[in-house]
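Notes follow once the structure below has been shown.
Laboratory data are not the source of any read-out in this text; all were calculated from the coordinates shown. Given the structure is predicted, the values throughout are model-derived calculations rather than measurements. Cβ coordinates were reconstructed from backbone atoms using ideal geometry, including for glycine residues, and neighbour counts include every protein chain displayed.
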Amino acid sequence: MSNMTLQQKDWSQQKRSALSPEQTREQLAALSGWELTGTAASPVIRKTYRFGNFYETMAFVNALALVAHQQDHHPDLEVSYNRCQVSLNTHDVGGISDTDIDCARRIEALLKLA
Ligand SMILES: C[C@H](O)[C@H](O)[C@H]1CNC2=NC(N)=NC(=O)C2=N1
């Protein structure tokens with residue numbers, strides 16, 4: 001049996017660069033509910049997802065964990081009974097990178113599977 005079914009991305013050899021606020025907003029325009037927030041020194045992209053109950057919220061959190069692991073990119077989560085606030089940034093660029101946008105797209109795609 002293989003234990004390599006959950007491939008994890010290796011960012012160590014890839015040079016990522018920070019998107020400007022304008023570039024970030026341009027990318028987010030296609031992603032409903034995602035906004036650029038935080039501070040100029042420490043920007044994040046963020047969306048609050050709302051659900052019917054805690055079980056649905058946690059099912060989303062668990063599905064999201066698969067994306068986070070595969071991408072080796074882990075959002076900050078604020079989880080309540082019926083909502084989950086998802087925040088992303090990229091530490092090595094000190095801001096927002098294409099990786100954050102890509103993860104936001106993948107998280108959106110999870111909900112479209114339903
Ligand atoms: C070494 C490891 O790849 C890095 O620390 C990863 C882990 N998860 C991460 N998650 C997020 N959201 N941003 C990062 O920059 C980040 N870096």
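Could you check A109 against (1) away from the ligand (no atom under 14 Å from the Cβ); (2) in contact (Cβ under 8 Å) with a residue 12 or more places away in the chain; (3) not basic (K, R) and say which number it fails? Answer for A109: the failing condition is (2).
No other residue among T24, T57, T48, T99 is within 12 Å of the ligand (Cβ to nearest atom), in contact (Cβ under 8 Å) with a residue 12 or more places away in the chain and touching a strand residue (DSSP E or B) at 6+ places or on another chain (Cβ under 7 Å) apart from T99. The set of residues from segment 78-97 being surrounded by fewer than 16 Cβ atoms within 10 Å (Cβ to Cβ) and not aromatic (F, W, Y) comprises E78, V79, S80, N82, R83, Q85, H91, D92, G94. Could you tell me whether any residue of segment 47-66 is touching a Phe, Trp or Tyr at 6+ places or on another chain (Cβ under 8 Å), farther than 19 Å from A109 by Cβ and not in a loop (DSSP other than H, G, I, E, B)? Yes.
Filter segment 71-96 down to the residues that are in contact (Cβ under 8 Å) with a residue 24 or more places away in the chain, more than 12 Å from the ligand (Cβ to nearest atom) and outside any loop (DSSP other than H, G, I, E, B), then identify the one that is farthest from S12 (Cα to Cα).
Among residues in segment 71-96 that are in contact (Cβ under 8 Å) with a residue 24 or more places away in the chain, more than 12 Å from the ligand (Cβ to nearest atom) and outside any loop (DSSP other than H, G, I, E, B), the one farthest from S12 (Cα to Cα) is R83.
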